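Reading through the structure tokens given below for one structure.
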Amino acid sequence: QIKNVILKNPYNEKEFTGDKLTIVDVKAIDETGKTYQVEVQLVIHTALTARIMYTWSRIYQSQIQEGDHYKQRKPVISIWILNENLFENVEDCHLPFSVNNLKHQLVLTDHLAIHVLQLPKWPSSGTVNTEKERWVYLFKEGQNLDVDNPPEPLNTKEMRQVMKVLHRFSENEKDYLLYQSRMDAVLKENTYISDLEDALKAKEQALTEKEHALTEKEQAVIEKEHAQERLNDLLLLLKKKGIDPDKELK
């Protein structure tokens, strides 16, 4: 059972710039000491996998201080809810990752577990049989739901409580405005990342075109040299035949 939940306030204006946006959205600790990190990612970018490992490692490392020992570390389970697909070539919505040896089926440690939920991979006609599927259904279809008349898969005590919280949040103007401010900061960060990636692609394209131009120029020089060599051979052959092209042209 979860005994402690930390909601990092993502709406604090002071945390809208720079790497402050990498704060953990939710961190929970259960009765055994396991830590659960929950993150929501709206836009996929090339640095996301590195960010996933970075945030996990920061939480894992922070468990012990000077004078502690390694045995005090507990597992850290990261759950990433993605609004876009990180892995396009697989159809699974839920992708669990761990550290293991595939050849011998050996698990190095159970302290690292990362779960990626790709919401676009969830089929709209998918059946809901487990709590995991219920939550994915809520994340995917939540904005279109009638709080007062929830669909059967969400008509449970826990889900009704969740939808009430969402409804109350949407009606609180201050929370809503702060949420919009945070969203604006997130979108600006994502736009910056996208622009940077586009700039890198443009630079790579320019370098490729420059290399092609140099190659074509080198090829033209080689062809010119070959043409001159053929001309010289022809002139030499004519002279051997007693024909002087210079005199003939005069």
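The values are calculated or read from the model by the stated rules, or taken from the named source; none is laboratory data. Since the structure is predicted, the reported quantities are computational estimates derived from the model, not experimental observations. As a convention, Cβ positions derive from the backbone with ideal geometry for all residues, glycine included, and neighbour counts pool all protein chains shown. Note: accessible area is taken over every heavy atom of the protein model, side chains too, but ligands, DNA and RNA are not part of it. Shrake-Rupley method; radii C 1.70, N 1.55, O 1.52, S 1.80 Å.
Okay, here's what the table says:
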read-out: Scan of the stretch 65-74 for residues that are surrounded by 10 or more Cβ atoms within 10 Å (Cβ to Cβ) and at pLDDT below 80, ordered by number; value: Asp68
read-out: Positions within the stretch 100-120 being touching a Ser or Thr at 6+ places or on another chain (Cβ under 8 Å), open to solvent by 40 Å² or more (accessible area, probe 1.4 Å) and not acidic (Asp, Glu), in sequence order; value: Val107, His115
read-out: Qualifying residue in the stretch 95-104 (condition: modelled with pLDDT under 85 and farther than 18 Å from Val40 by Cβ); value: no
read-out: Residue list for the stretch 75-99, restricted to those being among the charged types (D, E, K, R) and open to solvent by 100 Å² or more (accessible area, probe 1.4 Å); value: Glu88, Glu91
read-out: Any hit, the stretch 40-57, residues being farther than 28 Å from Thr191 by Cβ, open to solvent by less than 80 Å² (accessible area, probe 1.4 Å) and either touching a strand residue (DSSP E or B) at 6+ places or on another chain (Cβ under 9 Å) or modelled with pLDDT of 85 or more (or both); value: no
read-out: Cβ pairs under 8 Å, 6+ apart, first in the stretch 26-43 and farther than 22 Å from Leu119 by Cα and acidic (Asp, Glu), second open to solvent by 20 Å² or more (accessible area, probe 1.4 Å) and outside any strand (DSSP E or B); value: Asp30/Gln1; Glu31/Gln1
read-out: In the stretch 135-157, the residues that are closer than 23 Å to Glu39 by Cβ and either among the β-branched types (Val, Ile, Thr) or in contact with an Asp or Glu (Cβ under 8 Å, 6 or more places away or on another chain) (or both); value: Val136
read-out: Residue tally, condition open to solvent by 60 Å² or more (accessible area, probe 1.4 Å) and either in a helix (DSSP H, G or I) or in contact with a strand residue (DSSP E or B) (Cβ under 8 Å, 6 or more places away or on another chain) (or both), over the stretch 121-156; value: 8
read-out: Of all residues making up the stretch 91-105, the number that are touching a residue at least 12 places away in the same chain (Cβ under 8 Å) and among the aliphatic types (A, V, I, L, M); value: 2
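Rundown of residues vs (1) surrounded by 11 or more Cβ atoms within 10 Å (Cβ to Cβ); (2) at pLDDT 75 or above; (3) among the basic types (Lys, Arg); (4) not in a helix (DSSP H, G or I), yes/no style:
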site	(1), (2), (3), (4)
Gln161	no, yes, no, no
Phe169	yes, no, no, no
Tyr176	yes, no, no, no
Tyr179	yes, no, no, no
Asn190	yes, no, no, no
Lys201	no, yes, yes, no
Thr208	no, yes, no, no
Arg230	no, yes, yes, no
Glu248	no, no, no, no
